[in-house]
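First up is the structure itself, then whatever we jot down about it.
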There are 2 protein chains.
Amino acid sequence: MENKKCGKQSFMLGQPVVITHWASVAGKKESEGPLGKTFDLTNKDSYFRQRTWEQAEKRMQQIALEILAKKAHVHQSEFGLVFSGDLLNQCIGSSFSLRNTGIPHLGLYGACSTMAESLLMASMAVGGGFTDKAVAMTSSHFASSERQYRFPLGYGGQRTPTAQWTVTGSGAALVCSSGKGPKITACTIGTVTDLGIKDANNMGSAMAPAALATIRAHFDDLHVGADDYDLIVTGDLGQLGKEMLLTLAQREGLSLGGKLADCGTLVFDVTKQDVHAGGSGCGCSGITLCGYLLEKLNSGKLKRILFCGTGALLSPTSTQQGLPIPGICHAVSIVGG
Amino acid sequence: MENKKCGKQSFMLGQPVVITHWASVAGKKESEGPLGKTFDLTNKDSYFRQRTWEQAEKRMQQIALEILAKKAHVHQSEFGLVFSGDLLNQCIGSSFSLRNTGIPHLGLYGACSTMAESLLMASMAVGGGFTDKAVAMTSSHFASSERQYRFPLGYGGQRTPTAQWTVTGSGAALVCSSGKGPKITACTIGTVTDLGIKDANNMGSAMAPAALATIRAHFDDLHVGADDYDLIVTGDLGQLGKEMLLTLAQREGLSLGGKLADCGTLVFDVTKQDVHAGGSGCGCSGITLCGYLLEKLNSGKLKRILFCGTGALLSPTSTQQGLPIPGICHAVSIVGG
């Protein structure tokens, strides 16, 4: 069967591609959360033995790639292609992690949707016959994000109740043309959606309309519905964004069938961990997928999920210039192995 | 014929994809350069009637997309997918340009290699059967880049002789599964290459090793050489970087057969335009390709070129932290229409 475009935003793979291996690296707070035991490696040192937090982020990606290669019993040089991106200006977490490795690299920017975006592109690359082994990878770091997007940590700024906590972690998944593991069958590419929300401390709400638009497009394009999935899992809407999505879906008559979960509320215990509205950042959906979710799919505890990476496409410059926060959401349909 | 991976970094398209239309938008200095007459639209107002330079960059992408749709006699909503990215933090030129257009968007970060990276990905998307119309687009702006990467213009800082001038412009190309126009037959994906150059005012030299590595990989993977091309055109090495590439190639015994050209020295007259070492930025190779080069290919004046987008993957943060400048180069083989 051939790959085919479906509807306006989606495509189906003629031959599903396989996520044969996955790896996750996380920080201290993440290790203390509900998914703490699902990560391959955690480190209490927020610097991951580097000199700066930005370099720590690079190091997390390197470790994730090392673990992935080890699990797959291949040398890193056998990876045909790495799709990766992060939140740092000019994505230096991703580019520095692959410095002089000789691994072909295509850099992405999709903000916190990067885990889904990279999986989607890896599906295209492998499903289209352009390579047989592609890695989808991303990372984020609480301290480098706070410094870059908000205030330096040393400033001791107060966080608003609607703020989310950027996950310190990196997730990597190996997408192959054959093998054992959860399979990607279809993807939906997001559109840049902006309802005019300007509060950079309430990004969940800014992203919720994009999530709704993509889930609706996925259902329409592929003639499926919430009943076809065990779980519809958004990337990092957090508690407020998740509620906003439920409200919007109800108002617009789109049934999510009680299947909605959000990585931002899975990765942290929002009642106990002082993370306010929940987790966020590229690493949030990265480590939740490349551990907990893929394990559940692999063991048959989940049969089919719609993984919806959500991203807020703002920059501190656009916010300072008074512009609203555009959101995007890419969705990947994954069936159990 | 099927798509296939070739060697370590390249792939060939079973059925070449076609660049059916292209569009370019540029600023005043570009309009005064040797390629001035090849752009679809130029504007003396560096703000492009917007309130900020960042928004001007967004506006240039919007105009490029409008012109592209007009030339192709389609409504913008018929574009299946836009691959785009730029140099601004969090790529706000690209995301804001597509706000609420309903066009599926996959964001890239490849620094100044973005025109080649987006073409390469559009080739995968169309060649793999995932969509039949994909746009590859990018932009850069002298004033927004100076402010973000170097000094605010109002500061009146002196530029070093090795510095390059960021092109104000946007290029967009429509890649289709069929139609008339120059064809993409094969691509080579770059690796992150870093020889330790730390001078952020000499980015041409920082990128030259990456260009060499990718050209060599392309030749090796696809069993071709400089003789197979009319032109091997790098993105924005500028005069110094081009010389550096020639020196490195000679030292390593790789023949470029006198075919090397660089968009940074094509787009400006470096002897007259006070741009120091030449043009740079995503828009540099963007507007040179989506005008001059594609026209030459279309009219048969060029038969086959290797378009090598070069990018310096630094950020002001990595530079301030004393790190070197990693480079990347993606190559796209294009034959006349």
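Output the residue which, of all residues in the range A:89-110 that are part of a helix (DSSP H, G or I) and small (Gly, Ala, Ser), is farthest from residue A:326 (Cα to Cα).
A:97
Only one entry in A:16, A:34 is outside any helix (DSSP H, G or I) and out of contact with any Asp or Glu (no Cβ under 8 Å at 6 or more places or on another chain), namely A:16.
The set of residues in the range A:303-337 being more than 20 Å from residue A:176 (Cβ to Cβ), out of contact with any strand residue (DSSP E or B) (no Cβ under 6 Å at 6 or more places or on another chain) and more than 14 Å from chain B (Cβ to nearest Cβ) consists of A:303 alone. When the residues of the range B:75-88 are filtered to those that are assigned to a strand (DSSP E or B) and facing chain A (nearest Cβ under 7 Å), which remaining residue is surrounded by the most Cβ atoms within 10 Å (Cβ to Cβ)? The qualifying residue surrounded by the most Cβ atoms within 10 Å (Cβ to Cβ) is B:85.
Condition test on residue B:221, is it in a loop (DSSP other than H, G, I, E, B), within 24 Å of residue B:334 (Cα to Cα) and touching a residue at least 24 places away in the same chain (Cβ under 8 Å)? Here the answer is no, as residue B:221 does not meet what is asked. When residue A:163 is tested against (1) modelled with pLDDT of 95 or more; (2) part of a loop (DSSP other than H, G, I, E, B); (3) aliphatic (A, V, I, L, M), only condition (1) is not met. Examine the range B:183-191 for a residue that is modelled with pLDDT of 95 or more, assigned by TED's automatic domain parsing to the domain that holds residue B:297 and assigned to a loop (DSSP other than H, G, I, E, B), and state whether such a residue exists. Yes; the residues of the range B:183-191 include at least one that is modelled with pLDDT of 95 or more, assigned by TED's automatic domain parsing to the domain that holds residue B:297 and assigned to a loop (DSSP other than H, G, I, E, B). Does residue B:52 satisfy the criteria of being surrounded by fewer than 20 Cβ atoms within 10 Å (Cβ to Cβ), within 14 Å of another protein chain (Cβ to nearest Cβ) and more than 27 Å from residue B:178 (Cβ to Cβ)? So residue B:52 fits the description; yes. Counting only residues that are surrounded by 24 or more Cβ atoms within 10 Å (Cβ to Cβ), small (Gly, Ala, Ser) and within 7 Å of chain B (Cβ to nearest Cβ), the range A:89-110 holds 3 of them. Of the listed requirements (1) away from chain A (no Cβ under 14 Å); (2) over 18 Å from residue B:34 (Cβ atoms), residue B:279 misses just one: (2). Does the range B:199-216 include one or more residues that are in the same structural domain as residue B:314 (by TED's automatic domain parsing), modelled with pLDDT under 95, over 23 Å from residue B:290 (Cα atoms) and out of contact with any helix residue (DSSP H, G or I) (no Cβ under 9 Å at 6 or more places or on another chain)? For the range B:199-216, residues in the same structural domain as residue B:314 (by TED's automatic domain parsing), modelled with pLDDT under 95, over 23 Å from residue B:290 (Cα atoms) and out of contact with any helix residue (DSSP H, G or I) (no Cβ under 9 Å at 6 or more places or on another chain): present. For the range B:135-160, the set of residues classified as buried (at least 24 other Cβ atoms within 10 Å of the Cβ), outside any strand (DSSP E or B) and either in contact with a strand residue (DSSP E or B) (Cβ under 6 Å, 6 or more places away or on another chain) or among the small types (Gly, Ala, Ser) (or both) consists of B:142, B:144, listed by residue number.
Under the condition of being among the polar types (S, T, N, Q) and either facing chain A (nearest Cβ under 7 Å) or not in a helix (DSSP H, G or I) (or both), the residues counted in the range B:111-134 number 1. Only a single criterion out of (1) within 14 Å of chain B (Cβ to nearest Cβ); (2) touching a residue at least 12 places away in the same chain (Cβ under 8 Å) is not satisfied by residue A:142, namely (1). Is it true that some residue in the range B:187-194 is more than 14 Å from chain A (Cβ to nearest Cβ), out of contact with any Leu (no Cβ under 6 Å at 6 or more places or on another chain) and not β-branched (Val, Ile, Thr)? No, the conditions are met nowhere in the range B:187-194. When residue A:72 is tested against the conditions (1) within 11 Å of chain B (Cβ to nearest Cβ); (2) small (Gly, Ala, Ser); (3) over 26 Å from residue A:5 (Cβ atoms); (4) in contact (Cβ under 8 Å) with a residue 40 or more places away in the chain, the lone failure is (1).
The values are calculated or read from the model by the stated rules, or taken from the named source; none is laboratory data. On a predicted model such as this, the values are computed, not experimentally measured, just so you know. Counting neighbours? That spans all protein chains shown, and the Cβs are built from the backbone with ideal geometry, glycine included.
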